[in-house]
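The values are calculated or read from the model by the stated rules, or taken from the named source; none is laboratory data. Not measured: the values here are computed from a predicted model. Note that each Cβ is placed from the backbone with ideal geometry, even for glycine, and that neighbours are counted across all protein chains shown. To get the accessible areas, we keep the full protein, side chains included, count just its heavy atoms, and leave off ligands, DNA and RNA. Shrake-Rupley method; radii C 1.70, N 1.55, O 1.52, S 1.80 Å.
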Amino acid sequence: MEYDFKAIEQKWQSRWAADKVYRVEVDKSRPKFYVLDMFPYPSGAGLHVGHPLGYIASDIYTRYKRLKGFNVLHPMGYDAFGLPAEQYAIQTGQHPAVTTERNIERYREQMDKLGFSYDWDREIRTCDPDYYHWTQWAFLKMFDSFYDYDLQKARPIAELVHRFEQSGTEGVNAACTAPMSFTASEWGAMDERAREEVLQNYRLAYRADTLVNWCPALGTVLANDEVKDGLSERGGHPVEQKRMKQWSLRITAYAERLLSGLEKLQWSESLKEIQRNWIGRSEGAQVFFGIKGSDEKLEVFTTRPDTIFGVTFMVLAPEHEYVSWLATPEYRQAVEYYQAQAKKRSERERMADTKRVSGQFTGSYAVNPFNGTEIPIYISDYVLAGYGTGAIMAVPAHDSRDYAFAKHFDLPIIPVVDGGDLSESSYDAKAGKMINSDFINGLDVKEAIPVMFAEVEKRGIGKRRINYRLRDAIFSRQRYWGEPFPIYYKDGIAYPLSEDQLPLKLPPIEDFGPTEQGEPPLARVADWKTPEGYPLETSTMPGFAGSSAYYLRYMDPHNHNALVGKTEDEYWRNVDLYVGGIEHATGHLMYSRFWNMFLYDLGYVCEEEPFKKLVNQGMIQGRSNFVYRVVGTNQFVSLGLKDQYQTQEIHVDVNIVKNDILDLDAFRAWRPEFETAEFILEDGKYICGWAVEKMSKSMFNVVNPDYIVEQYGADTLRMYEMFLGPLEQSKPWDTNGIDGVHKFLRRFWRLFFDRDGRLIVTDDKATPAELKTLHKTIKKVNEDVENFSFNTSVSAFMICLNELSDQKCNKREILEPLVVLIAPFAPHLAEELWSQLGHPETIFNASYPQCDEKYLVESEVEYPVSFNGKVRFKKSLPAGLSPREIEEAVLSDPMTGKYLEGKTPKKVIVVPGKIVNVVL
RNA sequence: GCUCGGAUGGUGGAAUAGGUAGACACGCGGGACUUAAAAUCCCGUGGGCAGCGAUGUCCGUACGGGUUCGAUUCCCGUUCCGAGUACCA
């Protein structure tokens with residue numbers, strides 16, 4: 001009986017499901033381990049062979065940990081709200097709930113075929129009201145909180161109100177949109193609307209007029225991480241900057257904790273680096289410059305206070321609020337024209353020509369607080385309204401952008417750091433002695449910076465300050481398919497619903513497009529009001545809302561009273577291993593950390609960081625095949641001969657190519673236009689060209705896992721995906737290689753059964769050689785799995801099998817532990833063999849084999865003997881010799897004498913167990 | 001531009017507290033079994049040179065240097081590829 005993977009996999013998959021073998025519960029007698037996959041967005045295209053890579057790896061680790069005695073939580077669900085389903089709904093009129101449901105079913109079907117050990121009783125869907133209840137709840141909590149910098153944590157907003165009542169803003173050090181200052185009596189005198197406006201300035205979920213990324217094509221605003229190169233991530237539509245009233249989350253309050261928290265995490269260095277760059281911490285100072293003829297001060301942010309004597313002009317962002325009055329009558333028209341031009345340019349246009357210098361003089365002058373010099377104030381779009389103060393002091397000698405601006409407008413360039421050549425470019429390096437700089441002349445730049453920080457503070461013209469590049473997260477979308485905000489409006493003031501009104505369910509609608517007035521679809525719903533008749537917020541939450549705390553919900557998915565119960569939270573705590581793509585580095589992985597820290601501050605969860613260890617699986621790319629059509633004919637020429645013709649490269653379906661040899665009949669049948677194709681062959685074959693590209697339909701290189709499972713089985717697919725290469729690396733899929741793994745599993749099966757399906761496993765005693773093979777493999781596989789080096793563990797199994805085949809080993813003593821060892825990788829096969837070996841219980845109740853080092857001891861070691869590093873011969877010596885004895889044995893060898901040629905060796909280097917090197 | 005990562009046979013990839021480079025697998029070539037095919041098994045497979053042959057020998061881990069008895073591994077420089085970010089003051 002051959003290895004019948006179809007029957008085996010079906011049998012065990014249905015048994016696992018029927019017996020709920022993978023259900024987990026809180027069990028304080030066993031250590032917990034939480035393995036999580038980034039849950040998928042169920043798109044209409046279904047899974048291709050690249051998608052399950054991470055799921056397979058996490059499943060192997062889950063099963064491994066379970067066999068090691070851990071109580072492993074390994075859940076799965078769906079990130080089901082989002083733009084694609086809604087875009088599809090607009091195009092086809094089908095309700096997103098319907099298409100989403102259909103896609104989920106398809107995903108589930110595909111995943112089930114791969115034999116994953118998820119506890120499906122814990123499945124969640126972000127679009128399920130029972131789930132988004134808690135998304136809305138968290139939003140309400142954020143609405144009802146502010147961030148206290150002194151305590152470094154979020155606090156209820158009532159505390160802030162109390163402090164305002166007591167002493168106004170005096171002594172309040174809280175995260176806010178714009179600094180505020182008022183007394184207790186002024187607070188007391190404010191009406192409700194005014195107070196609410198003040199509080200919006202502090203709330204962690206707040207509504208404010210901000211510069212947002214507006215995407216006209218999608219009809220919605222987008223968060224920074226949803227915009228790439230000035231285009232929307234979804235769909236690639238142009239995005240423009242627009243000032244709009246939007247809900248935001250004050251993630252910037254957590255910038256420092258998000259940054260410093262990275263140090264404790266076992267994440268890859270590159271991922272941490274991406275987050276560090278995204279947070280973009282920079283140390284500097286705010287400095288106030290005087291304005292000639294005015295009492296107002298112009299505030300700038302600089303990281304180079306040492307260059308302040310080199311300031312020759314100031315630049316404001318065109319949107320800066322001072323511009324309107326800084327523009328003198330003479331320049332007013334030109335300034336307004338420039339502002340209008342800047343506003344018209346899309347983000348993409350601006351990014352496209354960062355080389356071009358533009359700007360406009362306002363007619364006003366600022367005053368350098370250190371030497372009283374009067375310096376012209378310009379506006380230019382190279383200064384961003386959103387960063388720092390939206391104004392800079394320009395030091396053309398030591399900043400390349402300021403330099404370009406100065407050259408263009410013919411402004412003076414004063415060097416203040418010695419050592420650069422300013423004829424062609426600025427000297428930006430932070431090295432050299434200060435010159436032309438009054439009291440800091442002669443200091444090195446590195447000394448001058450702290451001196452100037454101190455001096456700025458001493459003179460009271462500014463303060464040290466840390467700036468972050470991180471922006472608050474825009475949280476509303478003018479869309480239908482998302483979580484409704486639990487917010488209603490009364491007299492234009494936003495009020496939260498009470499907790500017992502949650503979940504606020506998304507109403508059913510028929511028309512998903514935006515309204516004529518450009519309002520969100522919910523604006524069309526006539527009864528989208530509170531019971532009292534107040535209008536509800538019509539925008540919905542963005543995609544990242546539902547995915548920000550889903551790992552917590554898995555711990556206790558059916559709890560109706562809390563996001564997660566205390567017992568469950570304190571047992572499962574946080575995710576021990578998180579597996580997913582690196583593309584979420586600046587989105588989901590930032591928001592989730594923020595969201596979790598917030599819940600931690602308020603005491604709802606017991607861990608500050610949600611994901612202890614994180615592994616990013618690489619992308620599986622497609623391997624495309626090409627045929628070469630001779631231009632203007634229907635003739636196709638094989639790869640090796642194509643240079644003799646003028647040809648056109650055409651993608652050909654990889655499913656009709658095997659080992660780069662084209663199936664000619666299948667090609668003719670592939671498309672009508674190729675029916676009459678003729679071929680110029682080499683050696684009777686048509687050889688295709690190939691290239692590694694993204695796996696996509698248009699390249700005809702998509703391989704469907706269903707097809708692979710059908711042909712080779714899930715266990716083969718699982719092992720082959722791991723065998724392909726290191727988990728974290730991107731690598732191309734190549735179906736051809738899969739035979740090797742499949743052959744391995746068939747040979748493995750034949751260790752247990754003869755042709756007629758009779759079990760041939762014996763109870764004979766194993767030989768030392770067999771035991772050595774087994775324990776060597778146990779050791780290697782254990783180490784590799786711990787290091788997520790699954791590709792080399794698969795190799796280890798293959799080597800083990802080769803050795804056991806050589807030894808014709810079919811002994812239970814060897815094979816039984818081996819079955820357990822391979823179980824995480826090929827669970828169906830292992831389960832079947834386990835039961836055939838006479839075990840009634842599932843193999844995942846067994847315990848993982850441990851390596852016993854005593855079987856690994858070598859009796860003889862073969863030493864390569866080298867002379868001056870070059871290996872000349874090998875010498876076999878008994879194991880366990882001391883370096884001294886090895887040296888003696890080698891020196892007395894006649895072969896050594898031959899290579900010494902009468903000379904005495906200078907030195908002999910012995911690396912026990914490895915090599916002996918004789919230095920001449 | 002800045003930051004990070006990478007480069008090893010025809011292919012995917014092994015091997016780094018510095019110690020026989022190319023494990024394992026694909027592909028390819030040869031052979032066995034078979035009427036034949038599939039399946040299975042065995043042998044060979046980085047390149048050059050010498051030899052009928054066992055074998056010997058030189059060159060080889062992107063390129064150029066350095067440290068070392070010895071470098072794929074460590075250091076300096078260069079080229080190319082990938083990722084992140086982009087007027088961040």
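I need the full set of residues from segment A:619-652 which are of a type in the set (A, V, I, L, M, F, W, C) and either loosely packed, with under 13 Cβ neighbours inside 10 Å or outside any strand (DSSP E or B) (or both), in order please.
Passing the criteria: A:Met619, A:Val631, A:Leu639, A:Leu641.
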Problem set entry | Candidate set from segment A:16-42 (those that are assigned to a loop (DSSP other than H, G, I, E, B) and open to solvent by less than 40 Å² (accessible area, probe 1.4 Å)); member that is nearest to A:Lys613 (Cα to Cα) | A:Met38
Exercise. Could you count how many residues in segment A:835-877 are within 16 Å of RNA strand B (Cβ to nearest atom), closer than 21 Å to A:Lys772 by Cβ and open to solvent by 40 Å² or more (accessible area, probe 1.4 Å)?
Worked result: 6
Exercise. What are the residue pairs meeting all of these: first residue in segment A:890-917, first residue touching a residue at least 12 places away in the same chain (Cβ under 8 Å), second residue assigned to a loop (DSSP other than H, G, I, E, B) and open to solvent by less than 60 Å² (accessible area, probe 1.4 Å), Cβ atoms under 7 Å, and 6 or more apart or on different chains?
Worked result: A:Lys903/A:Leu920; A:Pro905/A:Leu920; A:Lys906/A:Leu920; A:Asn917/A:Gly869
For this session: Among what's in segment A:201-238 and is touching a helix residue (DSSP H, G or I) at 6+ places or on another chain (Cβ under 6 Å), closer than 22 Å to A:Leu589 by Cβ and not charged (D, E, K, R), pick the residue that is farthest from RNA strand B (Cβ to nearest atom).
Result: A:Ala205
Problem set entry | Subset of segment A:445-484 that is open to solvent by 40 Å² or more (accessible area, probe 1.4 Å) and acidic (Asp, Glu) - its residue that is modelled with the lowest pLDDT | A:Glu447
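Hey, can you tell me all the residues within segment A:204-218 that are in a loop (DSSP other than H, G, I, E, B) and either open to solvent by 20 Å² or more (accessible area, probe 1.4 Å) or under 30 Å from A:Arg155 (Cα atoms) (or both)? Full working, then the answer.
Applying the first criterion (in a loop (DSSP other than H, G, I, E, B)) to segment A:204-218 yields A:204, A:216-218.
The answer is A:Leu204, A:Pro216, A:Ala217.
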Exercise. Are any of the residues in segment A:745-765 closer than 19 Å to A:Gly622 by Cα and either within 25 Å of the chain's Cα centre (by Cα) or assigned to a loop (DSSP other than H, G, I, E, B) (or both)?
Worked result: no
Seminar exercise, completed: Residue hits (segment A:1-21; modelled with pLDDT under 95 and of a type in the set (Ser, Thr, Tyr)) are A:Tyr3
Exercise. Could you give every pair whose Cβ atoms fall below 7 Å, whose first residue belongs to segment A:516-534 and is at pLDDT 90 or above and surrounded by 10 or more Cβ atoms within 10 Å (Cβ to Cβ), and whose second residue is in a strand (DSSP E or B) and aromatic (Phe, Trp, Tyr), counting only separations of at least 6 or pairs across chains?
Worked result: A:Thr530/A:Tyr488; A:Tyr534/A:Tyr488; A:Tyr534/A:Tyr489
Exercise. Can you find even one residue in segment A:330-344 that is under 26 Å from A:Asn224 (Cα atoms), part of a helix (DSSP H, G or I), in contact with a Leu (Cβ under 8 Å, 6 or more places away or on another chain) and at pLDDT below 90?
Worked result: no
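One line per residue, one yes/no per condition, for (1) at positive phi; (2) within 10 Å of RNA strand B (Cβ to nearest atom); (3) modelled with pLDDT of 95 or more:
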{"residue": "A:Ile760", "(1), (2), (3)": "no, no, no"}
{"residue": "A:Thr767", "(1), (2), (3)": "no, no, no"}
{"residue": "A:Lys776", "(1), (2), (3)": "no, no, no"}
{"residue": "A:Phe788", "(1), (2), (3)": "yes, no, no"}
{"residue": "A:Asn802", "(1), (2), (3)": "no, yes, no"}
{"residue": "A:Gln807", "(1), (2), (3)": "no, no, no"}
{"residue": "A:Lys811", "(1), (2), (3)": "no, no, no"}
{"residue": "A:Leu821", "(1), (2), (3)": "no, no, yes"}
For this session: Go through segment A:704-738 and give me each residue that's closer than 14 Å to A:Tyr3 by Cβ and within 11 Å of RNA strand B (Cβ to nearest atom).
Result: A:Met719
Problem set entry | Residue, nearest to A:Phe790 (Cα to Cα), within segment A:741-758, restricted to residues that are open to solvent by 40 Å² or more (accessible area, probe 1.4 Å) and near RNA strand B (Cβ under 8 Å from one of its atoms) | A:Lys743
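When you check A:Glu673 against the structure, is it surrounded by fewer than 17 Cβ atoms within 10 Å (Cβ to Cβ), in a strand (DSSP E or B) and among the charged types (D, E, K, R), yes or no?
Details: surrounded by fewer than 17 Cβ atoms within 10 Å (Cβ to Cβ): yes; in a strand (DSSP E or B): no; among the charged types (D, E, K, R): yes.
Against the criterion (surrounded by fewer than 17 Cβ atoms within 10 Å (Cβ to Cβ), in a strand (DSSP E or B) and among the charged types (D, E, K, R)), A:Glu673 does not qualify.
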For this session: Give the residues of segment A:428-444 that are in contact with a strand residue (DSSP E or B) (Cβ under 6 Å, 6 or more places away or on another chain) and either within 16 Å of RNA strand B (Cβ to nearest atom) or part of a helix (DSSP H, G or I) (or both), sorted by residue number.
Result: A:Ile440
Problem set entry | Hey, A:Asp665 surrounded by fewer than 19 Cβ atoms within 10 Å (Cβ to Cβ), on the phi > 0 side of the Ramachandran plot and modelled with pLDDT under 90 or not | no
